[in-house]
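Structure, as structure tokens:
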Amino acid sequence: MTYKTAMLGALLLSSVFNCAHAKELNFGTQVQPELLTPVSTIMASPQQYVDKPITIKGTIVKVCTKRGCWMNIASDKRFETLRIKVKDGVMVFPVSAKGREAIATGTLQALKFNLERTREIKAYYAKEEGESFDPASVTEPMTMYQLVPTGVSILD
């Protein structure tokens, strides 16, 4: 096989994969666009949305690489995200979805952590980002919010 033939084959295979990959992916029940609320609105006063059905839409900026059990969706406000989280195996989000748009319907959940656990979580995130971390800098417990979805569509 010549180099030119091998390159042409690789290019064709890549094109086929990309076309197949661009297909819309649906998980769980159908999303409810009539419940669409901007992520920035939710995060401005999250307690108002806890345990209520909501729909969010945004670009997928991060996906769990181990089990595909969560995705972070970019807000309409810079540097703000909201995590979509399912129990392992309920829905498996592909890592290849990063950069695509998603719309998800579910219930907002508040995760309240004590001070010790807050420090552990912040230390973990700092390590993941290669940043230094001083546990003494954390003086208050935190609450994290995530969407527990009933339906997710990753758009093409």
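Points worth noting:
- Qualifying residue in the stretch 116-134 (condition: touching a residue at least 60 places away in the same chain (Cβ under 8 Å) and closer than 27 Å to Ser45 by Cα): no
- Boolean, Ser75 is in contact with a helix residue (DSSP H, G or I) (Cβ under 8 Å, 6 or more places away or on another chain), surrounded by fewer than 15 Cβ atoms within 10 Å (Cβ to Cβ) and of a type in the set (Gly, Ala, Ser): no
- Residues within the stretch 47-62 that are closer than 18 Å to Thr143 by Cβ and open to solvent by 20 Å² or more (accessible area, probe 1.4 Å), tallied: 6
- Test: residue in the stretch 128-135 that is in a loop (DSSP other than H, G, I, E, B) and either touching a strand residue (DSSP E or B) at 6+ places or on another chain (Cβ under 9 Å) or closer than 30 Å to Phe27 by Cβ (or both): yes
- When Ser137 is tested against (1) within 26 Å of Tyr49 (Cβ to Cβ); (2) over 22 Å from the mean Cα position of the chain (by Cα), just one condition goes unmet, and that condition is (1).
- Odd one out for Thr65, checked against (1) open to solvent by 40 Å² or more (accessible area, probe 1.4 Å); (2) part of a strand (DSSP E or B): (2)
- Leading residue by the ranking (nearest to Ala44 (Cα to Cα)) among those in the stretch 104-115 that are touching a Leu at 6+ places or on another chain (Cβ under 7 Å) and either open to solvent by 100 Å² or more (accessible area, probe 1.4 Å) or aliphatic (A, V, I, L, M) (or both): Leu108
The values are calculated or read from the model by the stated rules, or taken from the named source; none is laboratory data. Remember, predicted model here, so these are calculated numbers, not experimental data. Note: ideal-geometry Cβ built from the backbone for every residue, glycine included; neighbour counts use all protein chains shown. Accessible surface areas use protein heavy atoms only, side chains included; no ligands, DNA or RNA. Shrake-Rupley method; radii C 1.70, N 1.55, O 1.52, S 1.80 Å.
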